[in-house]
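Please see the structure below; I have some questions.
The values are calculated or read from the model by the stated rules, or taken from the named source; none is laboratory data. Computed from a prediction, not measured in an experiment: that's the story for all the values here. Ideal geometry is used to build each Cβ from the backbone, glycine not excepted, and the neighbour counts take in all protein chains shown. Only protein heavy atoms, including side chains, enter the accessible area calculation; ligands, DNA and RNA are left aside. Shrake-Rupley method; radii C 1.70, N 1.55, O 1.52, S 1.80 Å.
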Amino acid sequence: MIDLILWDIDGTLMDFKASEKKAIKAAFADFGIDITEEQTSLYSEINDKCWKMYERGEIERKDVFTRRFYELFKITNFSCDVEKLNEIYLTYLGEKYVLQDNSLQVVTSLKGKYRQYIVTNGHVKPQTMKITDSGLGDVVDGVFISDAVGCPKPEKGYFDYCFLKIGNVDLKKTMIIGDSLSSDMRGGNNAGIICCWYNPDGTENKTDVKIDYEIKSLSEVYDVLEKIK
Ligand SMILES: [Mg+2]
């Protein structure tokens with residue numbers, strides 16, 4: 001039986017792509033730049049690439065926040081104070097969160113039956129803001145943000161830190177639920193816990209990452225928890 005659930009936030013409990021779009025548009029508007037839908041998608045691709053580079057240990061976390069805009073500027077010929085833009089963007093990212101489907105209800109319904117923690121890679125400011133404002137912060141037992149932990153998922157050290165803080169962790173009774181193969185599922189493999197891949201688009205797993213359960217909607221978590229009983 002599962003005792004401890006680790007939830008990813010972006011792309012799992014929250015629709016990161018939707019909030020990212022809103023935040024990027026608002027941030028650029030503050031600098032008098034009207035960013036198009038196409039340019040927003042381009043930013044999103046560059047951002048994903050930068051985070052993957054960070055996950056592989058190729059660049060430092062602080063570089064993600066500026067590099068993503070410098071790369072976009074190279075292609076679009078925009079220019080403004082990147083540090084300032086990033087700060088404003090992070091504020092909007094915290095404010096303009098979009099919950100994924102019925103995520104709040106699912107997590108709320110599991111409260112008391114399972115210990116639930118949020119495990120997220122990202123910047124403390126927007127992550128804290130949206131976790132608090134969305135109500136998720138009141139429902140879960142705790143939050144671990146990579147920025148504050150000192151290393152990201154999928155590193156084993158990240159999970160070691162979480163487990164030390166959580167206490168009384170039985171790896172066989174611990175499950176991570178997340179959308180990312182490279183951070184959540186690989187992280188789960190590294191930590192030696194049960195991996196539940198939230199894969200709403202039905203993407204094929206072409207990696208060597210081991211998946212124990214796969215769900216297309218968050219409500220399917222109930223079936224998974226029932227199966228493990
Ligand atoms: Mg995610």
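Would you mind working out the accessible area per residue for the chain, using a 1.4 Å probe, and quoting it in Å²?
47
I want to verify the translational diffusion coefficient of the range 16-95 in µm²/s; compute it with Stokes-Einstein, Rh as the Kirkwood radius over Cα pairs, at 37 °C and 0.692 mPa s.
In µm²/s, the coefficient rounds to 260.
Each residue of the range 138-144 in order: what ³J(HN,Hα) in whole Hz does its phi give by Karplus 6.51 cos²θ - 1.76 cosθ + 1.60, θ = phi - 60°, with x for Gly and Pro?
Result, rounded to whole Hz: 6, 8, 7, 8, x, 9, 10.
Please report the carbon-and-sulfur percent of the accessible area for the range 95-134; probe 1.4 Å, protein heavy atoms only, DNA, RNA and ligands left out.
C and S atoms contribute 54 percent here.
Follow-up question, since we're still on this one. Which aspartates and glutamates have a Cα lying under 17 Å from the Cα of LYS130, excluding residues fewer than 8 positions away in the same chain?
Reachable aspartates and glutamates: ASP8, ASP10, ASP15, GLU20, GLU87, GLU95, ASP101, ASP138, ASP141, ASP147.
To continue, here is another question. Under 5 Å between amide H atoms, partner at least 5 residues away or on a different chain: which partners does TRP197 have, H built in plane at 1.01 Å?
Result for TRP197 returns ASP212, TYR213, GLU214, ILE215.
In the Gaussian network model of the chain, springs joining C-alpha atoms below 10 Å, which of CYS80, CYS195, CYS162 carries the largest mean-square fluctuation?
In this elastic network of the chain, the residue with the biggest mean-square fluctuation among CYS80, CYS195, CYS162 is CYS80.
Can you give the helix-only mean residue ellipticity at 222 nm for the chain, where every DSSP H stretch with n ≥ 4 adds -39500 (n - 2.57) and the sum goes over all residues, rounded to the nearest 500 deg cm²/dmol?
-15000 deg cm²/dmol
What ranking, highest mean first, results for peptides 222-229, 23-30 when packing means the other Cβ atoms within 10 Å averaged over each residue?
By packing density, highest mean first, the sequence is 23-30, 222-229.
Take peptides 152-158, 81-87, 95-101, 206-212 and line them up by average Cβ neighbours within 10 Å, highest first, as a rough protection proxy.
Ranked from most to least packed, the peptides come out as 152-158, 95-101, 81-87, 206-212.
How much length is gained on full extension from ASP141 to ASP223, taking 0.36 nm per residue of separation minus their Cα-Cα distance?
Contour length minus the Cα-Cα distance gives 27.3 nm.
If you take every DSSP beta bridge whose two residues both sit in the chain, what share of them, in percent to the nearest 5, is antiparallel?
5
Once R0 is set to 41 Å, what does the formula 1/(1 + (r/R0)^6) return for the Cβ-Cβ distance between LYS172 and ILE59, expressed as a FRET efficiency to the nearest 0.05?
Computed FRET efficiency for LYS172 and ILE59: 0.70.
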